[in-house]
Structures are given as structure tokens and as C-alpha cells.
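Read the structure below first, then the notes.
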Amino acid sequence: MAFEGLSERLQSTIQKIKGKGKVTEADVKQMMREVRLALIEADVNLKVVKDFVKRVSERAVGAEVMKSLTPGQQVIKIVKDELTELMGGEHSQIKFNPKPPTVIMMVGLQGAGKTTTSGKLANLLRKKYNRKPLLVAADVYRPAAIKQLETLGKQLAIPVFSLGTDVSPVKIAEEAIEHAKKEHYDVVIIDTAGRLHIDEELMDELKNIRAIKEPDEVFLVVDAMTGQDAVNVAQSFNEAIGITGVILTKLDGDTRGGAALSIRAVTEKPIKFVGMGEKMDALEPFHPERMASRILG
Ligand code: GDP
């Protein structure tokens, strides 16, 4: 299960301070030493850990906690609040264009789950948001990727716009948006090419697609299992093309949690959805507070 190690360690740390009628600075220090180690072991970015520990420590030794009747509980609440903040605070909604179609660009490295997530997102938009989505196959370098999206589309009964592999992704995106306008699709989800590594060519292509019509959302799909690599990928994509949000996949696996806890603080971009499995309904909106509660038990 995701976050298992982190969750266990934080819970045992919390247990020690929970019922205390008096919390001293030494108690807080001891606790934060343990929290720090737990976060590092969960592969959370080091600077993020440092800032987190500093914020919690400052608040935990504050007068309001020390004077409170249940200081142990107060400290735990502070940890929970700060964990929630770390993951973005509020749940971040999709930004729909008041003048449809809303254009969502899906970007990411190969294997992260981009194509699968495009299908899942279309499915979610139709089911939960009552939208009429159009999927667009713009990965012209891999016929298999186009085929994969078409198969998902068929399975979901959601149309997939494709012009094969001989047309440029920019042209495909352009025509897809025109098609959506004509046929009254209100969300266009463009599945762009992924590569094994970040390279300039990929970024240039994504920038060119972006340039046709400013997308309402640029979602970066990253694999939670890759920990700090996912965070570095997010930072690179954000710097190169500017993303509006992150979709973290494979959170159903036994990821330690580093990506989920670091991405927002490092990139300042919210995690919008999480992938919880391979099936088409396994995509969930990301709620930082619920995630913090789950971690702290
Ligand atoms: P792409 O190369 O980024 O388009 O990646 P794919 O969409 O082809 O996905 C790569 C693999 O990851 C596939 O086997 C997917 O079924 C799997 N996958 C994607 N998202 C999730 C998820 O949230 N959980 C799990 N367990 N597997 C996922």
C-alpha cells in the first residue's frame, strides 16, 4: 500500500505525544527528529523536509500550544495542517473554459501512464462532470500509442480523433479543436508524445502545440513509484513548457510517498488527480486533506 512506511512511522511518533498534558520544547524536538527521518525515508525532497520541520517546530512550540489543555492533540493538528498545506491545501479543480471547448494537454515521459490517464480523464469528465470529451491521438512517433488510445476510446465509447502518423502533432491538435467546435465536444484531451528522456525536441514540439491555442490545462502525468525522479521531471517540464497541474499515477502501488509530498512544494503546481489502478475508473481527484488524514491515521 502507498505511504505504508511513512504512515506507520508518523503514527508511532504521534502516539508518543498524543495524550501528553504538557509538551516541552524537548518533546517537540524529539518528535521532529523522528518526523524528519520518516520523511527522508519516504523519499521526500530534502529541502521540503527541512522547511516542513521548521514550520511545524515553530508552530508547535508556540504559546497557543503550550497553554492549551490538550497540547499533544494540538501538535498533531499542526502536523496534519502542514502536511495538507504541503500537498497544496485545497483540492484543485479543473479549469474549464467558459467558451468551449476546454483544451487539456497531457504531457509526460513514456511509461508514466499518459495514454491510460487520458482515457481515464475522458471517462471521469463524462461521468462526473457531465462533459462531452474528445480524445486526440497526437503521439505520431508511436503507432502503438495511437492504437492504444483508439482501443481505450472504443472501450469507453468516447471518440478518438486521429490523423495517423504522417501529420504533424500541431496540425492534429489544430484540426481536432476545429472538429470539436463543429461537433460540439466541450473538452478536448490531447495525448501528446512521450519520450524516454526529457529532450529539447520534445519540449519544442509541446511548445508548438501549446502555441496553437493556449490550453486551459497542461497536465503532467508522472509515475508516483519513481519518487524524486518524478519531482525532477515535474520541475523540468514546468520550467520548459509551464504545466498547470500534475496527475500522479500508480498510487495504488507501494510508493513511499516522496513524489506526492514534494511535487507541490518544488513546482508550486498542484496535484489534481491520482491514478489508483489500471482500470478506466481508477482516477480520483486529489484531496490533500484526505491524504494527510490517511497518512496520519
Ligand atoms: P504512457 O507511455 O505514458 O502513455 O503510459 P501508458 O498509459 O501506456 O501506461 C503504462 C503502464 O502503466 C500501463 O501498463 C498502464 O496500465 C499502467 N498504469 C497507468 N496508470 C496506472 C495506475 O494509476 N496504476 C497502475 N497500477 N498502473 C497504471
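The values are calculated or read from the model by the stated rules, or taken from the named source; none is laboratory data. Since the structure is predicted, the reported quantities are computational estimates derived from the model, not experimental observations. In this analysis, Cβ positions are derived from the backbone assuming ideal geometry, glycine residues included, and neighbour counts consider all displayed protein chains. Note: accessible area is taken over every heavy atom of the protein model, side chains too, but ligands, DNA and RNA are not part of it. Shrake-Rupley method; radii C 1.70, N 1.55, O 1.52, S 1.80 Å.
Miscellaneous remarks
- Estimated [θ] at 222 nm from DSSP helical runs (n ≥ 4, -39500 (n - 2.57)) normalised by residues in the chain, nearest 500: -17000 deg cm²/dmol
- Under the simplified labelling scheme, the residue 199-residue 240 pair shows an inter-label distance of 1.0 nm, with each label point 7 Å from Cα along Cα→Cβ.
- Length added when fully stretched, residue 229-residue 29, from 0.36 nm per residue minus Cα-Cα: 69.0 nm
- Legend: translational diffusion of region 1-110 by Stokes-Einstein, Rh = Kirkwood radius over C-alpha pairs, 25 °C, 0.890 mPa s; D = 154 µm²/s.
- Pairs of C-alpha atoms in region 171-297 farther apart than 18 Å represent 57 percent of all such pairs.
- Length-normalised contact order of region 114-192 in % [C-alpha pairs under 8 Å, at least 6 apart]: 41
- Taking a straight Cα-Cα cut-off under 17 Å and skipping sequence neighbours fewer than 8 places away in the same chain, the lysines within cross-link reach of residue 154 are 120, 127, 132, 279.
- Each pair of Cα atoms in region 217-283 enters the Kirkwood radius, and Stokes-Einstein at 20 °C and 1.002 mPa s then converts it into a translational diffusion coefficient of 184 µm²/s.
- Average Cα contact separation per residue, region 17-105, under 8 Å, 6 or more apart, as relative contact order %: 35
- Computed E for residue 182/residue 50 - FRET, C-beta separation, R0 41 angstrom, nearest 0.05: 0.15
- The residues of the chain have, on average, 47 Å² of accessible surface per residue, using a 1.4 Å probe with all protein chains present.
- Whole-number Å³ per residue for the convex hull built on Cα positions in region 97-138: 74
- Of the whole protein surface, residue 126 contributes about 80 Å² of accessible area at a 1.4 Å probe radius.
- Relative contact order, whole percent, for the chain stands at 26, derived from Cα pairs under 8 Å and 6 or more residues apart.
- Compactness check for the chain: Cα Rg over 2.2 N^0.38 Å is 1.11.
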